[in-house]
1. Just rank E464, E202, fewest to most, by other beta-carbon atoms within 10 angstrom.
2. In Å and whole numbers, how far do the C-alpha atoms of the range 418-508 stretch along each principal axis, longest first?
3. If you count the DSSP beta bridges with both ends in the chain, what percent of them are antiparallel, to the nearest 5?
4. Cut-off is 10 Å between beta-carbons; in what order do S252, S489 appear when sorted fewest neighbours first?
5. Against the 2.2 N^0.38 Å scaling, with N counting residues, where does the range 5-221 land? I'd like the Cα-based Rg ratio to two decimal places.
6. Return a single number: how many Lys pairs in the chain, at a sequence separation of 8 or more or on separate chains, have alpha-carbon atoms below 26 angstrom apart.
7. Decide, for the range 178-230, between rounded, prolate and oblate: order the square roots of the alpha carbon gyration tensor eigenvalues as a ≥ b ≥ c, take rounded if a/c falls under 1.5, and otherwise choose prolate if a/b is larger than b/c, else oblate.
8. Work out the FRET efficiency for R31 and Q103 from their Cβ-Cβ distance, taking R0 = 25 Å, and round it to the nearest 0.05.
Amino acid sequence: MERWLRPLYDAEGMRAVDAWAIEEQGVPSLRLMEAAGNALAEAARELAAEGPVRIVCGKGNNGGDGLVAARLLAGWGHVVEVLLLWPADELSGDAAANLERFQGEVRQVPAAELAAALEGSAVVIDAIFGTGFSGAPRSPAAEAIAAINGAGAPVVAADIASGIDASDGTAAGAAVEADVTVSFHAAKLGQRIAPGKAHTGELRVAPIGIPAGAPIEPAAGELTDAVLADLPRRGPASTKFTSGQVVVAGGSRGLTGAVCMVASAAIRAGAGYATALVPASLEPILEVKLTEVMTRGCAERDGALSEEAAAEVLVACERADALVLGPGLGRSEPALDAARRIAAAAPSPLVLDADGLNAHAGELEGLSARTAPTVLTPHAGELARLLGSSSEEVNGRRLESALTAARQARAVVVLKGDDTLIVDARGERPRVAVSALASPALATAGTGDVLAGMIGALIARGVEPFRAACAAVHAHQRAGRIAARRVGSAESVIASDVIAAVAEALVA
């Protein structure tokens, strides 16, 4: 895995790491469970007010972690009650061993009585399911999850919020809404992807004694500031041409701002030269708006690019290091047709954004024939149109949706959101990165255009497309935070504020 990614494991990978530690490194499983339970107890102790700590236990190792926490919390003077969802004789081996060690109150609670059993809790520990869970919770777990969510007490989840799939963040049914999740050994992919991210609360990763060096490849990685290190820098012999040339093609009547945002962000992100190709009648507007960017008017129809504009854009691409296609394009059929022609024939790396994406709705496979790299930058609605599904389906299965699109287009897909995913399916094994850096300031019009320009600039500067997309996403999130600090609040940030913050955001 790239050194600038922090490992994220899926369920299979975490099982393999556990097995390696126990079977090959000789670490006793009970020792791992003791450390996990201790971390869980520490988190619960921080949140607990006056009153009983209640621990809802499943019958697997997750329940065993909860039982360790129960014993430790009781030893620290807390009133502790363990609620079993299944009979005690169904507990797994290590969980059963820790049940014997706990001398406090333990009772099996019928599903119908769980809500009442949690009333008045100071804190609730969710120890029902671990990282191996998938599917929809059934009774009595489903009722327990509903009772935990309705208890009105802080909730600490053991390893992962019950009901969330550790491998992709999906929730096929009810899921615990944790305030804190204590993830053992490493973060899990499902904790960083919506909807799982929203159920995780504050994520704390706790070492539990698994040695370093497990020969298990993580399923994905979380972006870190290290992705910004060692990016190309201008030297004494650099010129505007050697610093990367970006062509931006799009624009239509009423939508000139998008092209301006993309081109300005590309220049601010280090591109030495940017040219905006727009409908001829709109070029004077861009001449007024843009100072550092070249502009060129192209063939148009009714204020949007026409089919004939495709040839003009392709000529401009012959000397370009990257093309950003689609911002402000509009949805007239001539403009969409031009976008399809340009995408198919452009010799330069392509960043396909906005209506450039909509032009390929249901036709993603056609992009797989491109010889130069392709980066797609959809939000959930755009990805749904590309796949012929719905926004709800995409947001319910974000990783699967991004992987499907990346494979069909043989491209890098940047699925934007609070959990922006960067998926590269061009090789034998997909590469997956996740942004965990929340930046609410980016929830405003035009910031997606800024990101597209940043990706285009980094590719033009010679950065490999997957890393360029990752670096741009991370710097974009940082820029949103910087902009919010400068203007005083996230709510007041506009896209041009984000562009102004790009220079600082790109410095690791």
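1. Values: E464 14, E202 11.
Ordered from fewest to most neighbouring Cβ atoms within 10 Å, E464, E202 come out as E202, E464.
2. Projected onto its principal axes, the Cα set of the range 418-508 covers 46, 25, 24 Å.
3. Counting only bridges with both partners in the chain, antiparallel ones make up about 25 percent.
4. Numbers: S252 24, S489 10.
The most exposed by this proxy come first: S489, S252.
5. Numbers: Rg = 15.8 Å, N = 217, 2.2 N^0.38 = 17.0 Å.
Working it through for the range 5-221, the quotient is 0.93.
6. Working: K59/K188; K59/K197; K188/K197; K188/K416; K197/K416; K240/K289.
Total qualifying Lys-Lys pairs in the chain comes to 6.
7. Details: a/c = 1.85, a/b = 1.16, b/c = 1.59.
In terms of gyration-tensor shape, oblate.
8. Numbers: r = 21 Å, r/R0 = 0.83.
The pair R31/Q103 has a calculated efficiency of 0.75.
Readers should treat all values here as calculations from the given coordinates under stated rules, not as data from a laboratory. Since the structure is predicted, the reported quantities are computational estimates derived from the model, not experimental observations. We place every Cβ from the backbone using ideal geometry, glycine too, and count neighbours over all the protein chains shown.
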